[in-house]
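Just so it is clear, none of the values below were taken in a lab; they were calculated from the coordinates. These numbers come from a predicted model, not from an experiment. When we count neighbours, we look across all protein chains shown, and the Cβ atoms used for this are built from the backbone with ideal geometry, even at glycine.
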Amino acid sequence: MQLFTADGEPVEVGSLVFNYYDRAVGVIATAPDEAGWFDLRQNDGTKAYLNEERICSIAHARKMGWVK
């Protein structure tokens, strides 16, 4: 299953993305399950269970001022 961020960028396991819900940057740590949910390992060491609607590209997060 191919993943796309909410802003339309293709991503895969190992991609760096921004988590809207926790306002955190992280790496997609697992392949999505059959429902499209995956684990995100956030830079602060925490994990989140998300789907592609809950992430955006780092470029978009920078443009919005959420990350530097």
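For this structure, a couple of remarks:
- The number of residues in the stretch 44-63 that are more than 15 Å from VAL11 (Cβ to Cβ) and surrounded by 12 or more Cβ atoms within 10 Å (Cβ to Cβ) comes to 4.
- Matching residues, the stretch 9-21, being free of Cβ contacts under 8 Å to residues at least 40 places away in the same chain and either closer than 10 Å to ILE55 by Cα or among the hydroxyl-bearing types (Ser, Thr, Tyr) (or both): SER15, ASN19, TYR20, TYR21
- Residues (among the hydroxyl-bearing types (Ser, Thr, Tyr) and not in a strand (DSSP E or B)) located in the stretch 44-64: THR46
- Applying the condition of being of a type in the set (Gly, Ala, Ser) and not in a loop (DSSP other than H, G, I, E, B) to the stretch 1-43 and asking which residue is surrounded by the most Cβ atoms within 10 Å (Cβ to Cβ) yields GLY26.
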